[in-house]
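The values are calculated or read from the model by the stated rules, or taken from the named source; none is laboratory data. All of these numbers come straight from a predicted model, not from anything done at the bench. Every residue, glycine among them, receives a Cβ derived from its backbone with ideal geometry; neighbour counts consider all protein chains shown.
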Amino acid sequence: MLKTLERILRWSTGLMAAMALFTIMWLTLVDVTGRRFFSHSVPGGLELTEILMVIVIFGAMPLVSWRNEHVVFDSLDSVLPDWVRDIQARVVHLICAGTFGFLAYLMTTRADRLTEYGDTTVHLQLSIAPVAWMMAAMLALTGLVHLLFVFVTVPAPHHPEPATFDGGTP
């Protein structure tokens, strides 16, 4: 079941963040090329980049939490027994779940207000509310990931093997 959940996260939030990052790359290329060779930038390029950055950051949060790839302070782990580390990890996940849940709640109230006021971006007049709703959804999903790990053992973080250099042997 955990493999299925990981696959769902990878193909939803991971793909969304990757596509937004890829779009930022192309938008930046077109914008810089337009400025350099045609003396015109992409209209609303900054606004689009800001929205896409929000998608990258908030879209990646659930997957980063799922893979346990966030920054960790583990200086004392070598001296703590396994059972203490297990309890510590579950307490930390519970605190994270509560924190992300609370942040999701705050973001939904903010999204409600943005919807009510009809706030838009300055140049392109894009509604800001859907971005805030997406942020709230990703915060809630991240909170659910941490809540799951209060009850289920966290999968080991995925660390690819580092590239090695063998001194030029073909």
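Is one or more of the residues making up segment 62-71 in contact with a Gly (Cβ under 6 Å, 6 or more places away or on another chain), closer than 24 Å to Ala18 by Cβ and surrounded by 16 or more Cβ atoms within 10 Å (Cβ to Cβ)?
Residues of segment 62-71 that are in contact with a Gly (Cβ under 6 Å, 6 or more places away or on another chain), as a first pass: 63.
Now restrict to residues that are closer than 24 Å to Ala18 by Cβ: 63.
Now narrow it down to the ones that are surrounded by 16 or more Cβ atoms within 10 Å (Cβ to Cβ): 63.
Scanning segment 62-71, I find at least one residue that is in contact with a Gly (Cβ under 6 Å, 6 or more places away or on another chain), closer than 24 Å to Ala18 by Cβ and surrounded by 16 or more Cβ atoms within 10 Å (Cβ to Cβ), so the answer is yes.
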So, in segment 97-125, of the ones that are aliphatic (A, V, I, L, M) and surrounded by fewer than 16 Cβ atoms within 10 Å (Cβ to Cβ), which residue ends up nearest to Gly45 (Cα to Cα)?
-> Leu124
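Test Leu5 against the stated conditions and say whether it is surrounded by fewer than 17 Cβ atoms within 10 Å (Cβ to Cβ), over 21 Å from Ala104 (Cβ atoms) and over 15 Å from the mean Cα position of the chain (by Cα).
Details: surrounded by fewer than 17 Cβ atoms within 10 Å (Cβ to Cβ): yes; over 21 Å from Ala104 (Cβ atoms): no; over 15 Å from the mean Cα position of the chain (by Cα): yes.
Considered against the rule, which asks whether it is surrounded by fewer than 17 Cβ atoms within 10 Å (Cβ to Cβ), over 21 Å from Ala104 (Cβ atoms) and over 15 Å from the mean Cα position of the chain (by Cα), Leu5 comes out as no.
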Leading residue by the ranking (nearest to Val56 (Cα to Cα)) among those in segment 108-129 that are in contact (Cβ under 8 Å) with a residue 12 or more places away in the chain and in a helix (DSSP H, G or I) = Ala129
Test each condition in (1) touching a helix residue (DSSP H, G or I) at 6+ places or on another chain (Cβ under 6 Å); (2) in a helix (DSSP H, G or I) for Phe102 and report the one that comes out false.
-> (1)
Selection within segment 32-53 - surrounded by 14 or more Cβ atoms within 10 Å (Cβ to Cβ), at pLDDT below 95 and in contact with a helix residue (DSSP H, G or I) (Cβ under 8 Å, 6 or more places away or on another chain) | Ser41, Val42, Gly45
Among the residues listed as Met138, Met134, Met107, the single one being of a type in the set (A, V, I, L, M), farther than 23 Å from Glu6 by Cβ and modelled with pLDDT of 95 or more = Met107
